[in-house]
1. So is residue 150 surrounded by 20 or more Cβ atoms within 10 Å (Cβ to Cβ) and not in a loop (DSSP other than H, G, I, E, B) or not?
2. Tally up the residues in the range 76-125 that are without any contact (Cβ under 8 Å) to a residue 60 or more places away in the chain and either in a helix (DSSP H, G or I) or more than 26 Å from residue 58 (Cβ to Cβ) (or both), please.
3. Is one or more of the residues making up the range 169-190 over 15 Å from the mean Cα position of the chain (by Cα), under 29 Å from residue 394 (Cα atoms) and free of Cβ contacts under 8 Å to residues at least 60 places away in the same chain?
4. What's the number of the condition residue 236 fails, among (1) modelled with pLDDT under 95; (2) in a helix (DSSP H, G or I)?
5. Which of the numbered conditions does residue 317 fail, given that it passes all the others? Conditions: (1) buried (at least 16 other Cβ atoms within 10 Å of the Cβ); (2) farther than 21 Å from residue 287 by Cα.
6. Quick test of your reading of the structure: residue 137 fulfils all but one of (1) in the same structural domain as residue 55 (by TED's automatic domain parsing); (2) surrounded by 19 or more Cβ atoms within 10 Å (Cβ to Cβ); (3) at pLDDT below 95; (4) out of contact with any helix residue (DSSP H, G or I) (no Cβ under 6 Å at 6 or more places or on another chain). Name the failing condition by number.
7. What tally of residues in the range 194-208 results from selecting those that are out of contact with any helix residue (DSSP H, G or I) (no Cβ under 8 Å at 6 or more places or on another chain) and assigned to a strand (DSSP E or B)?
8. Just one of 97, 92 is surrounded by fewer than 17 Cβ atoms within 10 Å (Cβ to Cβ), modelled with pLDDT of 95 or more, closer than 30 Å to residue 207 by Cα and in contact with a helix residue (DSSP H, G or I) (Cβ under 8 Å, 6 or more places away or on another chain); which is it?
């Protein structure tokens, strides 16, 4: 999806060529075939139906998007520009940015497919809207191609021999069909890569690229040292975003706990196909909010390790309670730090003093979320110190997919959730209340 400067109110150009003539012939033949049933008027409006009637148009569209895909994979700017309607200079400029963005990505597979049953003629013109599926896989970072849908406007070329892309933005359709928009779909990005780490930045954050990539590169090793290589899932590579554009965050509104604008970091599950959740997840990517980039390397490193724990564990523990997922990520994030450097949020002790049970979604989304993160962290500290680190991952497995928490805690630890909360808070209090 491209949300550049294309004017949503622009009137598609009207051209005449073989495509239009073919449609007129089709209508004429249809009328002849129906003469025995009804009259056929020369004044019929242009067709607005979809389906097999547009098979020839669909083939031309598919040829265009095939050329677009080949150009993007082979860094062929001339061929890419040849698929565009140059009557709209704004479109051409925006698409140049998109081309520049994808040129920086390690693309393993990229292809388009026109959904021919969605082709619709724009009444009074020779232009057509059609939904297009993009399959894009990043080499070393996605387990499978990520499929997303968009809606393109196609216009016949002057000679009528091909269909040109005249818009990649249909604002109302995009509002009705929110998809898996990535930063490179929204504006200019700067991509940097280290071994196993792909960083996506913009003009506001590119000066911090080296620090972020250093933190992710070392953080990945630190996380694996705690959870073990056997406990990670998905591709080895890690994708990290740090971009200023709030449009990207707004697109995550239903994929995170609480307000993503308030989060310092996020782990994003990228589905293979957002419309078919059963197909699973292609990768887990990490977002670092630009506002934290001025923090010390120690603070950034801790945040990165927290998010990398989620990303590297991937689907493991899916459906397990938030207190364990977030507490485990906090526990892992502080392991490389000496105990004296493991800072506790100011609200943690007061929140802990009133805690009678393990927190749920309401607590993590509420005003005392920082304190509940700390309580969950110290519950995990208690489990690791009293039972061993392996029990944290065992408990994660036992509680996945919404398993009964009371039964799992009793079976693994032999205590209730209330007892576990009290012991975790007690350990936190004796450690920090001095």
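The values are calculated or read from the model by the stated rules, or taken from the named source; none is laboratory data. Because the structure is predicted, anything quoted here is derived from the model rather than measured. Don't worry about glycine lacking a Cβ; one is built from the backbone with ideal geometry, like all the others, and counts go over all protein chains shown.
1. In short, yes.
2. 11
3. No: the range 169-190 contains no residue that is over 15 Å from the mean Cα position of the chain (by Cα), under 29 Å from residue 394 (Cα atoms) and free of Cβ contacts under 8 Å to residues at least 60 places away in the same chain.
4. (2)
5. For residue 317, the exception is condition (2).
6. (3)
7. Residues meeting the conditions: 1.
8. Selected residue: 92, the only one of 97, 92 that is surrounded by fewer than 17 Cβ atoms within 10 Å (Cβ to Cβ), modelled with pLDDT of 95 or more, closer than 30 Å to residue 207 by Cα and in contact with a helix residue (DSSP H, G or I) (Cβ under 8 Å, 6 or more places away or on another chain).
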